[in-house]
Amino acid sequence: IGLLPMLTVEEEQQLIYEFNDTKVDYPKYKRIVDLFEEQAAKTPQSVAVVFEKEQLSYKQLNEKANQLAHYLRSRRVKQETLVPICIERSMEMIIGILGILKAGGAYVPIDPEYPQERISYMLKDTDATIVISSKESRLKIQASEGVELIELDSKCALISESPTSNPETTLDSHNLAYVIYTSGSTGKPKGVMIENGSMVDKLMTESRLLNADHSIITCLTTNYIFDASLLEIFLPLILGGQIAIPTKEVIFSAEELATFLFKNGVTILQGTPSFLQHLLHGLKTDTDKKLGKNLNQLCIGGESLSSALVKEVSEILPHVKLNNHYGPTESTIDAIVFEGVKEFEKNIIGKPIANTEIYIVDRYQKLVSKGIAGEICIGGNVLARGYLNSPELTRNKFIPNPFKSGERLYKTGDQGRWTENGNIEFIGRKDDQVKIRGNRVELGEIEAILNEYKDIEQAVVTVKEIREEKLLQAFLVPKVHQSELWPSVGEYPVYDEVLYFAMTHDKKRVLKYKNAINQFVKGKSVVEIGTGKDAILARLCVEAGARIVYAIEMGKEAFDQANVLIKELGYEEKIILIRGDALVVNLPEAVDICVSEIIGTIGGSEGAGVILNDAQRFLKKDGLMIPERCITQMAALCLPEELYNVPVFGELGGYYVDKIFEEIGHPFDIRLCIKNISKKNIISTNAIIEDLHFNTQSQEQYTNEFNLRIIRNSRFDGFLCWINLYPFF
């Protein structure tokens, strides 16, 4: 294994500052709507927005947004209030966004064409009580309970009667401006929270980059659910320029879009390479080249440029400056730009934009030398606050900046390296996130949705590239609903990655624990018995606000892995790892709560019961055990025909039988488990054979009398045991 060259202090400082020294001053204590109001006062009669045959002056737009803001204030919208807006492209879209910001709230854009499930999830995640909508898009919202719909049109009497003056507000650049949802690897989208200060900083920086002034006219082609739309909406509004809004039909027609650009005198246009290819097709039909004559800037991002596309731009639009932008939503629009692309350089994404810092680091967050690949990390004032309702993900992705005390870095997951001329070369992803026509797509999100279908055992989604066009493709394994014999591994130490993952990532079980932990541990001291390599319960306790967590783990390998993970998460001060047998170790203090997930498939007063009985010595007088109770039940069973006729282990089950025999040292009778058992195979009533209450001293039980009543005329093959676990009762 070759070692990377060590950097001297001077070389490290050079890598930090050589490409991050451009600064742009901006009004740090103002919000974007403050800058818009100042511009409206300067040029009240200038046209601000054009849509089809309508137009609004700065004065008209400002007053309409003010009326909405005053109404929202009357509905208790204030700083940090999240207000979803689900509306089609229109004047009302701009009024709605400005009105929410003027009220002090943060807007959450929702595409009316989203599936109902995604819209419902976003409304629930934002805890929305008010949604800005329209007659066309209200049908997607009205089914949500507890949500007030505001249909934004000229006939809304309550809004039109509100004052037209600028609402007074306490300026705070740290308050949220918007939350934009991006794809998530867990199957649920995640909301990126951007503050007003970051928004102002980036737009002022972009205005300098694009050399933009009051003559700017943008074309709102980007869907407002993407943060790239901020350039098209807000940049002209703070400079005295104009927004031209095409209809969806115009955007989809290359010829009509080209004509729209000419008629509206659009000067700056942005989009993905796929979009640009679409536009160039329309410009090719314009033999006089007049439709693109007003354009002077093309801002491209979201996908890799191709040599063919760069060549086409130089031929069809030789007078237009082509800028290639790179940056995730978490860094407010973009972070790196390749200005004035004239010759294609594969995978070169450019240099850091002003006021943005780029660090390329190795797995230990150490800077790498030029030419060495590492993860691209972003620093500066433009970083998002984090992810809405996802503190753990926020801590994982937004880490303390090891090079600047008190600041943060965003770990993009993208791999890159510095070139000799100061550009950054993009290499690829660390994970399976991809970009499809500018859309950020987590393949895991698609897989998670597919795996929810009852007839799919497993789904794998990949990307296929055909003629530089990326397409998604899925491979599906159909589910075979067949019962299968397994050994019970609960009492034998034969765990490997497969079994450990299956046990610790049981979503229903983890959710039960999480609900209990969230209810009881805030501000409390906690001990966890058997934390495991992922320290799942210990982490849940920290996220729920526990004061301190003592995590006990007996296995050396699991202890070491948990130790590394806790340090990576920055939890060293909250989670104190203790290696040893829980029956022997002592704690430095009595604790309020004991949590444990050591209970396996059967409660076992002689197993987990012994350990959890002993764990009560860790607790204060009024301490609490989680789980609180475990009930083991039994019923008579008729084996599924496939197991009755061929009672053998499958390949994986047989593998674990051999592992158990190897652990014991010789073959012996083992307890059997059945996977995919059907309720129709249970032929009797249920009986409780063990009921353990962990907040009291449980007595060891080796015998128990119970009665079963046969309820189905069937063959009797034996008994089935299972547990019901109650983290709190």
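The values are calculated or read from the model by the stated rules, or taken from the named source; none is laboratory data. For clarity, every value in this text was computed on a predicted model and none was experimentally measured. Note: ideal-geometry Cβ built from the backbone for every residue, glycine included; neighbour counts use all protein chains shown. Surface areas here come from the heavy atoms of the whole protein model, side chains and all, with no ligands, DNA or RNA. Shrake-Rupley method; radii C 1.70, N 1.55, O 1.52, S 1.80 Å.
Overview of values
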quantity: C-alpha long axis of helix 58-74 to longest principal axis of the chain, angle in °; calculated: 30
quantity: Beta bridges per DSSP with both ends in the chain, % antiparallel, nearest 5; calculated: 60
quantity: Virtual spin-label span in nm between Val585 and Lys23, 7 Å along Cα→Cβ; calculated: 4.8
quantity: Share of alpha-carbon pairs per 10 Å distance bin for segment 616-711, given as whole %; calculated: 11, 27, 29, 25, 7, 1
quantity: Helical contribution to [θ] at 222 nm, DSSP H n ≥ 4, -39,500 (n - 2.57), averaged over the chain, rounded to 500; calculated: -8500 deg cm²/dmol
quantity: Mean Cβ count within 10 Å, highest first, over the residues of peptides 367-377, 219-229; calculated: 219-229, 367-377
quantity: Glu557-Lys621 FRET efficiency (beta carbon distance; Förster radius 30 Å; 0.05 resolution); calculated: 0.25
quantity: Total charge dipole magnitude, the chain, about the Cα centre, Cβ charges on Lys, Arg, Asp, Glu only, Debye to nearest 20; calculated: 1500
quantity: Relative contact order, percent, segment 158-281 [alpha-carbon distance under 8 Å, six or more residues apart]; calculated: 19
quantity: Where the chain is the region considered: accessible area per residue in Å², 1.4 Å probe; calculated: 49
quantity: Calculated FRET efficiency for the pair Glu38/Ile670, C-beta based, R₀ 56 Å, to 0.05; calculated: 0.15
quantity: Gain in span if fully extended, Thr129 to Glu572, counting 0.36 nm per residue against the direct Cα distance; calculated: 155.6 nm
quantity: All-pairs Cα distance distribution in the chain, expressed in whole percent, bin size 10 Å; calculated: 2, 12, 19, 21, 18, 13, 9, 5, 1, 0
quantity: Angle in degrees between helix 196-209 and the longest Cα principal axis of the chain, rounded to the nearest 10; calculated: 40
quantity: Protein accessible area in segment 321-373, 1.4 Å probe - carbon and sulfur %; calculated: 47
quantity: Convex hull (Cα only) mean projected area of segment 361-428, reported in nm² to one decimal; calculated: 5.1
quantity: The chain, relative contact order [Cα under 8 Å, separation at least 6], %; calculated: 9
quantity: Accessible-area composition of segment 35-176, carbon plus sulfur, in percent [1.4 Å probe]; calculated: 48
quantity: Burial ranking of peptide ranges 562-571, 354-363 (average Cβ count within 10 Å, highest at the top); calculated: 354-363, 562-571
quantity: Rounded tilt (10° steps) of 307-316 against the dominant C-alpha axis of the chain; calculated: 20
quantity: Pairwise label distance in nanometres, Leu393 with Gln697, each label 7 Å out on the Cα-Cβ vector; calculated: 4.7
